[in-house]
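The values are calculated or read from the model by the stated rules, or taken from the named source; none is laboratory data. Being a predicted model, the structure only gives us computed values, none of them experimental. Here the Cβ positions follow ideal geometry from the backbone for every residue, glycine too, while neighbour counts run over all protein chains shown. Accessible surface is based on the protein model in full, side chains and every heavy atom, while ligands, DNA and RNA are left aside. Shrake-Rupley method; radii C 1.70, N 1.55, O 1.52, S 1.80 Å.
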Amino acid sequence: MRKHLYVLPLLLLSMHAAMAQGMKEAPADKALVYFLRPSGLGALINFSFFDSAQVIGRFNGEKYMLYECAPGPHIFWARSENKSFISGHLEAGKVYFIEAQPQMGGIKAGVELIQVDPADTKRMERLLKFINKRKPRTFTQEELTELSTDLDDVLRRGMKEFQSIRSNGEMIPVIDNNKHIVVPPPATL
């Protein structure tokens, strides 16, 4: 019976490592943010993603992207029919999961950005499977430049809306550095 007590944690650890095989570690001097859209709700509608006044990507459907950034303060936001903001002071060497959840909108799907809590094991298992089944959506510098040009007015209005929300004392979700994702070391045989 005692042998089985030791086998179960090892089995769970190896299962977690196998599921996280598609995850990337953050460089020691950068933070890494996964923007995940695992829901097919409003799949045809693009969500545009920003870091303050910088476009970092846009995609529709069930996809995800990686965003490597300098540690420090960040205002992440996404736009669809609405705008959703989340801010925080990211730490170097940490990996964060931000889920872009589609919301029912008046004309098209809305979006809500939510930090994923790694303690939510069912959600993490679902998201790790999602990552392992797909390659991240990537963007060339040319694509990001074109998006920036296309979304220039959106960028200005988005940052103005963020400042208005903050000055009115409304709550903006804050990224919790204790809820970073620990990437297990590669499994060895």
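Computed values, structure above
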| read-out | value |
| --- | --- |
| Flag if Gly42 is open to solvent by less than 20 Å² (accessible area, probe 1.4 Å) and either modelled with pLDDT of 95 or more or under 30 Å from Arg157 (Cβ atoms) (or both) | no |
| Residue among Gly106, Gly110, Gly158 that is open to solvent by 50 Å² or more (accessible area, probe 1.4 Å), in contact (Cβ under 8 Å) with a residue 12 or more places away in the chain and more than 14 Å from the chain's Cα centre (by Cα) | Gly106 |
| Leading residue by the ranking (surrounded by the most Cβ atoms within 10 Å (Cβ to Cβ)) among those in the stretch 66-103 that are at pLDDT below 95 and not in a strand (DSSP E or B) | Ser80 |
| Near pairs, Cβ below 8 angstrom, 6+ apart or cross-chain, from the stretch 70-96 (within 14 Å of Ile114 (Cβ to Cβ)) to any residue that is in a strand (DSSP E or B) and among the charged types (D, E, K, R) | Phe76/Asp51; Trp77/Lys83; Ser84/Glu112 |
| Matching residues, the stretch 161-189, being in a helix (DSSP H, G or I) and open to solvent by 50 Å² or more (accessible area, probe 1.4 Å) | Glu161, Gln163, Ser164, Arg166, Ser167, Asn178, Lys179 |
| Enumeration of residues in the stretch 113-131 that are free of Cβ contacts under 8 Å to residues at least 60 places away in the same chain and of a type in the set (Asp, Glu) | Asp120 |
